[in-house]
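Below is one structure, written out as structure tokens, with a few remarks after it.
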Amino acid sequence: MDIEEYKIALAKRIKTLRLEKNMTQEELAEKMGTNHTHVVRMEKGSQDLRISSLLKISQSFEIELGELVTL
């Protein structure tokens, strides 16, 4: 899997987890301390995610980072 494929797969994973947790994009953004637009870009795969963002996402979903990034 190349980097672009991984970004798209991770974006889908984030959206799937958000929906499984019954969270809106706004709720996820609030938990992460960011804005709605950032979450939209993350879920489209158009946002390069830093480790700090990945940690905030995993904490918001109450899962381990490895569980988030293992596709």
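The values are calculated or read from the model by the stated rules, or taken from the named source; none is laboratory data. From a predicted model like this one, the values you see are computed outputs, not experimental measurements. Note: ideal-geometry Cβ built from the backbone for every residue, glycine included; neighbour counts use all protein chains shown. Only protein heavy atoms, including side chains, enter the accessible area calculation; ligands, DNA and RNA are left aside. Shrake-Rupley method; radii C 1.70, N 1.55, O 1.52, S 1.80 Å.
Here are some notes:
- The largest accessible area among ARG13, ARG18, ARG50, ARG41 belongs to the first residue in ARG50, ARG41, ARG13, ARG18, and the rest follow in falling order (1.4 Å probe, all chains).
- Evaluating 6.51 cos²θ - 1.76 cosθ + 1.60 at θ = phi - 60° for every residue in the range 2-15, the Karplus couplings come out as 7, 4, 5, 5, 5, 4, 5, 5, 5, 4, 5, 4, 4, 5 Hz, glycine and proline recorded as x.
- Cα centre as origin, Lys/Arg/Asp/Glu Cβ charges: the chain dipole, Debye: 140
- Lysines with Cα under 16 Å of LYS21, excluding same-chain neighbours fewer than 8 positions away: LYS12, LYS31, LYS56
- On a per residue basis, the convex hull of the C-alpha atoms belonging to the chain measures out at 74 Å³.
- Helical content alone sets the calculated 222 nm signal of the chain at -21000 deg cm²/dmol, taking -39,500 (n - 2.57) per DSSP H segment of four or more residues and averaging over every residue.
- Relative to the longest principal axis of the Cα atoms of the chain, helix 51-61 runs at roughly 50 degrees.
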